[in-house]
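The values are calculated or read from the model by the stated rules, or taken from the named source; none is laboratory data. It should be emphasised that the depicted structure is a prediction, and the values quoted were computed from it without experimental measurement. Cβ sites come from the backbone with ideal geometry, for glycine too, and all protein chains shown count toward neighbours.
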Amino acid sequence: MRTVAVRSLFLGLLFLALSAATFGQVAIGVSITFAPPALPVYEQPICPGDDYIWTPGYWAWGDDDYYWVPGTWVEAPEVGFLWTPGYWGWGDGVYIFHEGFWGPTIGFYGGINYGFGYFGHGYEGGRWDNGHFFYNRSVNNVNATIIHNTYNTTIVNNNPGASRVSYSGGNGGVEARPSPEEEAAARGRHIGPVPAQAQHLQAARANPQLRASANQGKPPIAATGRPADFKTGVPASEAGAPYRPPARTENNAARTGAAGSNSAAHASDIQPHKSTPSNTGNATLDQKYQQQQDKLSAKQNQEHQKLQQQQEREHQQASQKNYNDAAKQQMEQRHQQQTQQLEQKHTTQTQQLQTRQPPPRQQQSRPAEKPH
């Protein structure tokens, strides 16, 4: 009962901190069956002030379409923190978005070449020194008469062939694997997007001109000087590649719709997985398929239980250490993202198993009796 009460308090604080429109807009857990458009070509707006970090633009998913989230300068939430961009990755037959995060070191972002210092691995756009951020002017648009913490180091881009590809893995995607250091960054201390980034994302989603179907991969607002400041945005000079979305199918709609409707906040909110009896008329086939379902359901329920226990421990730790509202908010966001990712993974696994299910036995209808 104590855990339930603590969780209810955290969720209340979370919804006070985030509006209903913003909460849940991040594309974690959403999986799409066709790749996002190429990254558009655009110029970086001038840096607005000290200790702002460049966050590159990317394609997000919402309202049954990809839409462009403009690159923007964001004030670092803590001294020493850097931004690891999010990325789309291919896995289990779908494209899944992995959200970016702030932390003392750069993590894995799919090997995507976002430019402006993010060339696939690490960050060459600047560094922290004695509590201040120093900008590499060779890859950043910085006015040195206003911002004095600058240096010049020429960076050789060793990833030109994939410079416009916006996803990792799959057909035509960037082939990259995380290094041990990048994996450690994701496991270490880090936080999710700050409120200014959530507002920026929401503003982008609400702008119909930023949808790929409207701009054909060449958004009219490709980057901004500050989050959600679209009035002074920089347009894309060209699309990264011709935009050719696939024809929509019922399969596409079903899989993306299932992901988008998943709003579970914790692993404990998910109902246990159950198998569905098969009736092919062949007892051997039915038994074999039932065993496959039971094995998959047991594995999925075990993963749910493991995640639930982990989240419960983090709730207890937050209560014992008296987390502030910001830390509680970040924890709840992370829990929702973890839960939705796991459930989407399970949905995909179940769908793949269903495609191998034997066809049902055809029921023969009895002929109608003739009237006497």
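Observations on the structure shown:
- Residues of the stretch 165-197 that turn out to be of a type in the set (Val, Ile, Thr) and in contact with a helix residue (DSSP H, G or I) (Cβ under 8 Å, 6 or more places away or on another chain), as a count: 2
- Residue under evaluation GLU99, criteria (1) of a type outside the set (Gly, Ala, Ser); (2) surrounded by fewer than 22 Cβ atoms within 10 Å (Cβ to Cβ); (3) without any contact (Cβ under 8 Å) to a residue 40 or more places away in the chain, criterion not met: (3)
- Selection count, the stretch 305-325, where residues are within 17 Å of HIS346 (Cβ to Cβ) and in contact with a Leu (Cβ under 7 Å, 6 or more places away or on another chain): 1
- Among residues of the stretch 163-177 being part of a loop (DSSP other than H, G, I, E, B) and modelled with pLDDT of 90 or more, the one that is surrounded by the most Cβ atoms within 10 Å (Cβ to Cβ) is SER166.
- TYR123 being hydroxyl-bearing (Ser, Thr, Tyr), assigned to a loop (DSSP other than H, G, I, E, B) and surrounded by 17 or more Cβ atoms within 10 Å (Cβ to Cβ): yes
- Taking the conditions (1) at pLDDT 75 or above; (2) part of a loop (DSSP other than H, G, I, E, B) in turn, GLN309 satisfies each one other than (2).
- Taken together, THR145, THR105 contain a single residue that is β-branched (Val, Ile, Thr) and either free of Cβ contacts under 8 Å to residues at least 12 places away in the same chain or assigned to a strand (DSSP E or B) (or both), which is THR145.
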